[in-house]
Every structure is written in C-alpha cells, then in structure tokens.
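Participant: Shown below is the structure under consideration.
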Amino acid sequence: MNVAKMIAAECVGKSAEEIAVRIEIALRVEREECASICDHREQLWRNTEESAEKPPHLRGEARQRSIEAAWIGDAIRARE
C-alpha cells in the first residue's frame with residue numbers, strides 16, 4: 001500500500017483533526033505490514049535452522065537471524 005496515496009485520496013475536504021486521524025491509521029497499517037514482513041522472515045530463518053540438511057554453522061546463523069527478525073517485529077509493534 002502507498003500510504004501517501006491512501007492519505008491523499010481520503011483527506012480531500014477534511015479538517016486538520018480528521019487528516020491527523022487518517023495519518024495515524026495509515027501509520028498503524030504500515031507498521032503492521034512491516035511487522036508482518038518480520039514475522040515472515042523469522043519463520044523462513046527458523047525453517048532453515050530446523051533443517052537437518054543444513055550445516056551446523058548455517059543453522060546457527062539462521063537462529064541468530066530468526067531472533068533478530070522477531071526482535072525487530074516486536075519493536076515495530078511496540079511503537080503503537
């Protein structure tokens with residue numbers, strides 16, 4: 001979603017307060033989309049970590065990246 005287009009289309013003829021509310025909603029939507037990307041990346045790395053066919057050093061790296069993706073997703077959601 002393009003936040004600027006969403007805001008512009010919905011704000012024609014609105015008051016400053018209504019525009020502020022729309023911006024806040026758009027920011028929440030954008031944050032959740034970013035956090036969802038982190039969730040997806042966390043799962044991808046977790047799957048790599050759990051794959052017995054991957055070498056141990058790659059599984060260790062995947063574990064760290066999985067933790068990092070989860071941490072970033074949580075941090076994004078905490079800003080709400």
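Participant: May I ask you to say which residue of 68, 61, 33 is surrounded by 14 or more Cβ atoms within 10 Å (Cβ to Cβ), among the charged types (D, E, K, R) and within 14 Å of the chain's Cα centre (by Cα)?
Facilitator: Of the residues listed, the single one that is surrounded by 14 or more Cβ atoms within 10 Å (Cβ to Cβ), among the charged types (D, E, K, R) and within 14 Å of the chain's Cα centre (by Cα) is 68.
Participant: Return the pairs, sorted by first residue and then second, in which the second residue is surrounded by fewer than 14 Cβ atoms within 10 Å (Cβ to Cβ) and not in a helix (DSSP H, G or I), the first residue lies in the stretch 32-53 and is of a type outside the set (Gly, Ala, Ser), the beta carbons are less than 8 Å apart, and the residues are 6+ apart or on different chains.
Facilitator: 33/1
Participant: Across the stretch 37-80, which residue is modelled with the highest pLDDT among those that are under 26 Å from residue 26 (Cα atoms) and assigned to a loop (DSSP other than H, G, I, E, B)?
Facilitator: Here the residue is 79.
Participant: Right, here's the next one. For residues that are more than 30 Å from residue 2 (Cβ to Cβ) and surrounded by 17 or more Cβ atoms within 10 Å (Cβ to Cβ), tally how many sit in the stretch 36-47.
Facilitator: Summing the residues that are more than 30 Å from residue 2 (Cβ to Cβ) and surrounded by 17 or more Cβ atoms within 10 Å (Cβ to Cβ) in the stretch 36-47 gives 1.
The values are calculated or read from the model by the stated rules, or taken from the named source; none is laboratory data. Fair warning: this is a prediction, and the values are worked out from it, not measured in the lab. Every residue, glycine among them, receives a Cβ derived from its backbone with ideal geometry; neighbour counts consider all protein chains shown.
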